[in-house]
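Notes follow the structure.
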Amino acid sequence: MISHDMMAPIMFGALVLFMIIGYPVAFALAAVGLFFGFISIEAGFFQFTLMQALPERVFGIMANELLLSIPFFTFMGAVLERCGLAEDMLEGMGQLFGPVRGGLAYAVIIVGAILGAITGTVAASVIAMAMISLPIMMRYGYDMKLATGVIAASGTITQLIPPSLVLIVLADQLGRSVGDMYAGAIGPSIVQVLLFCGYIAVLSIVKPKSMPALPRDALTLKGWPLYSKILWGMVPSLVLIFLVLGTILMGLATPTEGGAMGAVGAIVLAALHRRLSWKLIWEGMESTMRITAMVIFILVGSTIFTLVFRGVDGDLWIEHLLTSLPGGQVGFLIFVNIFVFVLAFFLDFFEIAFIIIPLLAPVATKLGIDLIWFGVLLGANMQTSFMHPPFGFALFYLRGVAPKEVKSSDIYWGAIPWVVLQLILVAILVFWPGLVTSFLDKSVEVDVNKMQIEVPAEAPAMDGDPGQQSSGTDTAAPADDDPAKALERVMRGPPTSSTGPAPAQ
């Protein structure tokens, strides 16, 4: 007979086993949760009343207005991927930086950052960049590993630059404002772009032949025609960035409203570039439907698993496991970053966010870690899930649109230096929390040296379920609480109110 203390580790191990064998994560979460839930009821670990909370929790997911922003941002990215905006920006930037060694690589990084700020999706950026810039890089003799690596990495920047879908999901799972999460990600995003550009600058000196400058006959635009081409790609993009990010950061719009304005703005941009058609709209809606359905299924499976996992005191087991690590905050952060980095080899960011983050958030709160900084740190780490050879999705997208003469080995080997640069950013964030917290409200005092944040006593801490918050004392409840109180702790359902952004940061 399985003891109560062993139920949580066995349940977690069963979930890992299902994922290793490749079973769909959403169904694995639900299946493991229900299976161990009924076993626990039969064993007397909790009452059947616990399972009656499931309908309320599923309804709480459907009623979470923050999650409505995901289809809006997804649709915006799908439309912008096909509207010709990337072509105009890349052509202008390529001509501007062309005379410099590595000029095309600089152009790809800068355009990737701009696309990241208006699309929010990695697939749109990687596919657009690969189809436009990779043939040009091949034509002018760029090293294949460098060309494929910079394209994949420039698309992956999207994951950290607001309005990234990753930041929306992390804010929801950590119970924090999306506006705060976006504000905190501004500094790391800039540093990431500078790291990428710095790598190209160093490489252009060490290995100049790997990134030759464009010949003079390839520089067809000069003077005002060149500047007008750049402005034609930049100005509409900046207007759209303000509509989406500016209104959210200033507290004028919720993430859902900002996403809706972005979707309308993407349609307007497509019309300006004379690419708007029913086919484009249909393809955008189809892509949005697939991604949104995947997210909802994972969330439903996650809430089933989390409910039962908390029912057998799995949250307390995880908390005891992580708080007992040597080194306190530093030991916890080292373990979590290594753990997330390894998981990123096998899982995408949605799966990591919905399964792992709800288990880590209460421990981070108990250790006094600022959850905005913690979320941005994990977002920077989860960038690598798109770049890991051989399962990184950015590499899959690149492989799907790259010419046949591009070897898969070049794509995989070319990704490794950029993964290292992403990990350098993670290290910078660990040792310099002010890079995130300095962009937040100055009324919240942060102890940078101790990496702690002073939170008012009445502020809510994250509960173990998506879109849900609870009082800070819940996660520290002892395992031998009164059964009625423990049951009440587990059964609390998610709120149905909107979790919009905080006022201007």
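Since every read-out is calculated from the coordinates, none of them should be taken as a lab result. Keep in mind that what you see is a predicted model, and the values were worked out from it rather than measured. Positions of Cβ are generated from backbone atoms using ideal geometry, with glycine treated the same way; all protein chains shown enter the neighbour counts.
When only Cα pairs below 8 angstrom with a gap of at least 6 residues are kept, the stretch 350-424 shows a relative contact order of 26 percent.
For trypsin sites (Lys or Arg not before Pro), the sites in the stretch 251-288 that DSSP calls loop and that have at most 14 other Cβ atoms within 10 Å are Arg274.
Classified by the C-alpha gyration tensor, the stretch 183-331 has an oblate form. Its axis ratio a/c, with a ≥ b ≥ c, is 1.5 or above, and a/b does not exceed b/c. Does the stretch 1-140 come out rounded, prolate or oblate, given a ≥ b ≥ c as the square roots of the eigenvalues of its C-alpha gyration tensor, rounded meaning a/c under 1.5 and, failing that, prolate meaning a/b above b/c? It is prolate, given that a/c is not under 1.5 and a/b is the larger ratio. 3J(HN,Hα) couplings calculated from phi for the stretch 53-58 with the Karplus curve 6.51 cos²θ - 1.76 cosθ + 1.60 (θ = phi - 60°) are, in sequence order, 7, 4, x, 5, 5, 5 Hz; Gly and Pro show x.
Judged by the gyration tensor of its Cα atoms, with axes a ≥ b ≥ c, the stretch 287-382 is oblate; a/c meets the 1.5 cut and b/c is at least as large as a/b. Over all other residues within a Cβ to Cβ distance under 12 Å of Glu65, the charged ones net out to -2, with Lys and Arg as +1 and Asp and Glu as -1.
Each part gets one Cα centre, and for the stretch 185-199 versus the stretch 373-420 those centres are 17 Å apart. Counted by neighbouring Cβ atoms within 10 Å, the residues Thr74, Thr49 run from fewest to most as Thr49, Thr74. Taking amide H atoms as placed 1.01 Å from N in the peptide plane, the amide H of Leu276 lies under 5 Å from those of Ala271, each 5 or more residues away in sequence or on another chain. Panel order for Tyr106, Tyr412, Tyr23, by other beta carbons found within 10 Å of each beta carbon, from fewest to most: Tyr23, Tyr412, Tyr106.
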